[in-house]
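The values are calculated or read from the model by the stated rules, or taken from the named source; none is laboratory data. No experiment lies behind these values; they were computed from the predicted model shown. So basically every Cβ, Gly included, is an ideal-geometry build from the backbone, and we count neighbours across all protein chains shown. Areas reflect the complete protein model, heavy atoms only, side chains present, ligands, DNA and RNA absent. Shrake-Rupley method; radii C 1.70, N 1.55, O 1.52, S 1.80 Å.
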Amino acid sequence: VQGTGGSSAVSKCSAAARGYIQDRFLRLLAGRRRRRAPLIHRGYYIRARAVDHCVQDFLLKTQGLPRTQILSLGAGFDSLYFRLKDMGLLHHTVVYEVDFPNVACQKATLIKRMKELSALVGDNGGEGLGAITFSGEDYKLLGVDLSELSDLERTLEEAGLNNEIPTLFIAEVVLTYMENTRSDALIRWAAERFPQACFLVYEQVHPEDPFGRVMQQHFSQLNSALHSLAQYPDCEAQRRRFLGKGWTDCSVMDMNEFFTCCIPEDEQQRVQTLEPFDEYEEWHLKCSHYFVLAASKGMEPSWTPLLPTVTVPRHAGPVGMAGSVPAAVCARLSGIPGLRRYGHHSVLIKPNVILTTGGFGEEDGQHCRVRNFHVLSKHAGYWKAVCVTQNIPDKRWGERLYHTVSCLSDTLALVVGGRTSPSSAGLGMLWLKFPETCNASDPNGVAVELVSVQPAAEVAALRWRHSTTEVTFKGEQYLFVYGGRSVLEPVLGDWYFLHTRELSCTVIAVEGPVPESRHSHSACSWQGGVLIAGGLGAAEQPLGSVFLLRELEHGFQWQTIETHPPLVPRYSHTAHVHEEKLLLVGGVWFHASCVPGITVIDLMTGLCLDYVINVEHLEWPLMLHNHSSVFLPNEKELLVIGGGGNCFSFGTHLNLEPVSLSLSSILISH
């Protein structure tokens, strides 16, 4: 548990060094310095913003009072006191910090050694008595185990804590490491002993979904299990917890809601452009698994620190599930590491034969961008897979993520776009050629050729997280390249019609209301046109719109498809059309009560039904984002290949093997 504090100080320090947060004291307290990934920076940015939001509000509410105090529980190497002091915000406030004795001693030694820190505490700062490791006029550092409530109370009393003045308690990822009986007792004690108080909590939530299981496993491996989660698994349970233990008002929101509602739009944009970034799914999942809570008694209701700066339409109430879809592991495909990947693409090249390319995953015993292709084929009811190594003069052409593959004939497919890293320009086009006999028993002969195209067509391919869909216009075949993002544009809303024979861009008139820019959406061919669903929009907000690009006599027309109930906004899903039904598979949404399963939209009536995926026969968490899926209409079977991602600081999760979803019951019931 003490180790998590040190690690978090290093991450905060790295975020400050990259400009996410303004804090010159972190580098003095963190000790070692290490550059973290952009995803970690964003995670610690939102944590710092949430805590600061509530602290600043407490100080604002109490600025007219003669005396106030802040008690930071499990403070670790946090710099809060030094920042507030430096900003001149502690004229009538004393800050008390509590942590394990050896952590408090280490911090006290650091403060004494660093002139920049000791100068802020003042001349009379120095060693205290007993458990008080450092004592200044407005700063007390105490070494005591929080779970020993009587010791804590005695030490605080010795340090001069005053029960009668307004007090802010801060517990930033602290209570969850304590046994619930002890953390509950601490919450109740604070409410009973302090008539005017606020309590701020930031910690984890939602333990049972796939991301939550990976998160729990990570902390268990660190020998710092998250105790709160079983008894208080969601935001509402945490709210009831505080209201049931003496607090008169309590408000809570997850970090997706906090970021969207409480951080001004210009600040959101500043953070979103600080570093090349392309891990939206993991960012939003991380945010849905952490909350900020503000409880109060004897003071203004605690929701004031969390009042939204903007009002965002939220999906009301829990997502109602119309039924469930069974998931089963494809027995003969288990143990093939190359199928453990994400950001790849799978396409049906002929009946019962699938080609999977690109992505990030396991290859040659390590995690890397995957160069090799895999061919999967089904014989006598069983799937078989084989790896196809390929030789490309420029290896970047083979190592791409978030590209598309369109099968144009029995022997030819076109790869469009994709990227290596998010700071590199999008990649162009690539021909894949394979013999008519290609399957997992005889996979040889998948050849790769670079495509030389006109400059206009090249622009169409310099993107990723886009869609490429076959359309028909006046009897001619085209590929409709739409949306995505590029190294210069975080979200694109343009489109191109690529003539499939000549690979030239053709101008075709399109009328109707233009959909808002998006990436990570789904696109399916239907009735000669294209169905676009969901995606991530310009403000990194999931979209719930469904559009049809419909063929007219003189061109195409955008039409909105109204769904009822409204489609829950999502992105990073896959989609298929079966008869008059649009099937959406997985994805990421902000609605944290459950994860997206299968959504069926009746294209004739607009009826929209959600189905949960029954994973009881899987022994590992099934993450349905950054995956690929192929629908086999005759068997009404959906094969999900790969999926997963880099789960914040909890490690990379790759779905272990392809999964078969049987849709026969839900497609009949419609």
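Quick rundown of the values:
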quantity	calculated
Gap separating the Cα centres of region 350-364 and region 160-188, nearest whole Å	51
Eligible lysines near Lys245 by straight Cα distance, threshold 29 Å, same-chain separation 8 or greater	Lys61, Lys140, Lys286, Lys297
Long-range amide H partners of Ile170 with built H, under 5 Å	Leu71, Ser72, Leu73, Leu200
Theoretical FRET efficiency, 1/(1+(r/R0)^6), r = Cβ-Cβ of Cys261 and Glu116, R0 41 Å, to 0.05	0.70
Charge dipole (debye, nearest 20) of the chain; +1 at Cβ of Lys and Arg, -1 at Cβ of Asp and Glu	1240
Spherically averaged projected area in nm², based on the convex hull that wraps the Cα atoms of region 323-662	16.8
For region 154-269: rounded, prolate or oblate by the Cα gyration tensor [a/c cutoff 1.5]	oblate
Region 514-656, relative contact order in percent, only Cα pairs under 8 angstrom and at least six apart counted	15
Region 39-117 shape via C-alpha gyration tensor axes, a/c threshold 1.5	oblate
Length released on extending from Glu300 to Thr389, taking residue separation times 0.36 nm less the Cα-Cα span	25.5 nm
Cα centroid of region 70-109 to Cα centroid of region 197-258, whole Å	24
Separation of the Glu489 and Glu458 label points, Cα + 7 Å toward Cβ, nm	1.8
Segments 261-267, 179-185 sorted - mean Cβ within 10 Å per residue, highest first	179-185, 261-267
Relative contact order (percent, whole number), the chain, Cα cutoff 8 Å, 6+ residue spacing	10
Region 36-297, relative contact order [Cα under 8 Å, separation at least 6], %	20
Kirkwood Rh, Cα atoms: Rg over Rh of region 36-297	0.96
Per-q log10 I(q)/I(0), region 577-626, q = 0.14, 0.28 Å⁻¹ (Debye; single scatterer per alpha-carbon; no solvent)	-0.42, -1.11
Dimensionless Rg/Rh of region 569-670 - Kirkwood Rh, Rg from C-alpha atoms	0.97
GluC sites (Glu not before Pro) within region 609-658, DSSP loop, no more than 16 other Cβ atoms inside 10 Å	Glu616, Glu619, Glu635
Candidate lysines for bridging to Lys433, where Cα separation is under 28 Å - those fewer than 8 sequence places away on the same chain excluded	Lys350, Lys378, Lys384, Lys395, Lys474
Accessible surface, per residue, of region 323-662 when the full set of protein chains is kept, probe 1.4 Å, Å²	37
Protection proxy ranking, peptides 640-647, 11-18, average beta carbon neighbours within 10 Å, highest first	640-647, 11-18
Solvent-accessible area, 1.4 Å probe, carbon plus sulfur percent, for region 36-297	49
Sites Glu153 and Trp620, calculated FRET efficiency, Cβ-Cβ separation with R0 41 Å, nearest 0.05	0.35
Pairwise label distance in nanometres, Leu65 with Ala17, each label 7 Å out on the Cα-Cβ vector	3.9
